Amino acid sequence: MATQVNDEAVEKVILDGLEEIGAEGEISREATFESLDVDSLDLVELAQIVEDEFGVELDGDSVKDVKTAGDVIDLVVAKAS
Amino acid sequence: MAEGCAIVTGASRGIGAATATALAADGWPVAVNYRSDADGAREVVERIEAAGGRALAIGADVADPDGVADLFERAESGLGSVLALVNNAGMRADGLTPQLAVEDWAAVLETNLSAAFHTTRRALKPMLRARFGRIVNVASIVGPRANAGQANYAASKAGLIGFTKTVAVEVARRGVTVNAVAPGLVETRFTEGMTNGLADAIPARRVGTPEEVASCVRFLVSESAAYVTGTVLTVDGGLSA
């Protein structure tokens with residue numbers, strides 16, 4: 001069953017997800033994907049983690065402008081509400 | 001071997017059936033996909049089970065994205081996460097280009113090329129997370145080479161090879177390999193009426209068998225082929241050498 005969507009739950013999943021996909025450096029809400037060495041394929045995988053956990057689909061268009069972990073967290077929370 | 005299952009599309013007969021049987025012999029639980037030949041698919045499943053393997057016949061039209069979604073859902077709930085995919089389903093509707101019907105152009109492109117996009121797109125989700133995956137596309141020597149009367153088929157198979165190489169590059173760093181096999185003349189119902197008298201043109205002096213193509217797919221799916229990606233393995237008795 002999909003995890004309930006709230007800011008705290010999404011933040012945990014995204015930050016854990018970034019660790020799972022091998023992000024480098026200090027993982028935080030403010031960290032940019034560039035600083036974490038997260039590339040487009042990593043973002044595809046992060047989108048899959050989000051879909052598995054929350055049932056929220058992040059297509060290519062919706063993630064093309066995200067720059068930080070916080071951007072993705074806000075996007076997921078907005079899409080789920 | 002990876003913990004997961006394999007899907008072979010168009011597996012009720014010919015190269016698909018031989019491939020499903022070969023992968024099952026390597027220990028893969030296999031989803032035997034078919035579009036209309038339920039009896040053929042059931043026979044393949046029975047043959048696999050009789051040899052001690054696990055298999056499930058799943059009817060779905062892979063040219064239809066909804067059919068693909070259904071296929072994966074049923075394979076995953078019955079056999080586990082899909083970590084190997086063989087895009088074998090194919091069709092031909094031949095004719096010289098001026099006479100080729102628009103519908104026949106579209107149907108061949110949808111079944112032979114777009115279907116592989118639909119299945120690959122879906123299959124990559126679990127494969128990327130598992131850091132392991134094997135995708136093998138059954139192309140043809142027609143495409144890289146001309147064959148009069150098969151403009152639609154050639155375009156679809158050449159497209160499939162381009163697709164194979166590009167996806168391979170996109171996902172290589174995640175342990176997912178994407179390759180193609182390119183059979184020449186193989187004795188199946190698909191080539192019925194095509195092979196007569198053509199053996200003399202083949203350096204090996206005979207047409208191939210579905211099992212000979214299946215054994216190449218089996219290699220590309222195996223752990224031994226972990227460093228092989230984006231390639232096309234030609235299986236044609238030397239015809240295109």
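Of all residue pairs spaced 6 or more apart or on separate chains, those with beta-carbon atoms under 8 Å, a first member in the range B:159-180 that is within 10 Å of chain A (Cβ to nearest Cβ) and a second member that is surrounded by fewer than 17 Cβ atoms within 10 Å (Cβ to Cβ) and hydrophobic (A, V, I, L, M, F, W, C) are B:E170/A:L41; B:V171/A:L41; B:R173/A:L41; B:R174/A:L41. Restricting attention to the range B:136-158, the residues that are part of a strand (DSSP E or B) and in contact (Cβ under 8 Å) with a residue 60 or more places away in the chain add up to 3. Is it true that some residue in the range B:117-124 is over 25 Å from A:I49 (Cα atoms), surrounded by 20 or more Cβ atoms within 10 Å (Cβ to Cβ) and away from every other protein chain (no Cβ under 14 Å)? Within the range B:117-124, none of the residues are over 25 Å from A:I49 (Cα atoms), surrounded by 20 or more Cβ atoms within 10 Å (Cβ to Cβ) and away from every other protein chain (no Cβ under 14 Å). Any residue in the range B:212-235 that is under 14 Å from B:V169 (Cα atoms) sitting within a Cβ distance under 6 Å of a residue that is among the hydroxyl-bearing types (S, T, Y)? List the pairs, counting only those 6 or more apart or interchain. Taking only residues 6 or more apart or on different chains, the pairs are B:T229/B:T177. Among the residues of the range B:191-241, those that are part of a loop (DSSP other than H, G, I, E, B), over 17 Å from the mean Cα position of the chain (by Cα) and not hydrophobic (A, V, I, L, M, F, W, C) comprise B:E192, B:G193, B:T195, B:N196, B:G197, B:P203, B:R205, B:R206, B:Y227, B:G237, B:G238, B:S240. Within the range A:44-61, the set of residues being open to solvent by 30 Å² or more (accessible area, probe 1.4 Å) and more than 10 Å from every other protein chain (Cβ to nearest Cβ) comprises A:E53, A:G55, A:E57, A:D59, A:G60, A:D61. Under the condition of being closer than 30 Å to B:G175 by Cα and either open to solvent by less than 60 Å² (accessible area, probe 1.4 Å) or not in a helix (DSSP H, G or I) (or both), the residues counted in the range B:101-116 number 7.
The values are calculated or read from the model by the stated rules, or taken from the named source; none is laboratory data. Bear in mind the structure is a predicted one, so any value in this text is a computation, not a measurement. Glycine gets a Cβ as well: all are built from the backbone with ideal geometry, and neighbour counts include every protein chain shown. Just the protein is used for accessible areas: all its heavy atoms, side chains included, with ligands, DNA and RNA removed. Shrake-Rupley method; radii C 1.70, N 1.55, O 1.52, S 1.80 Å.
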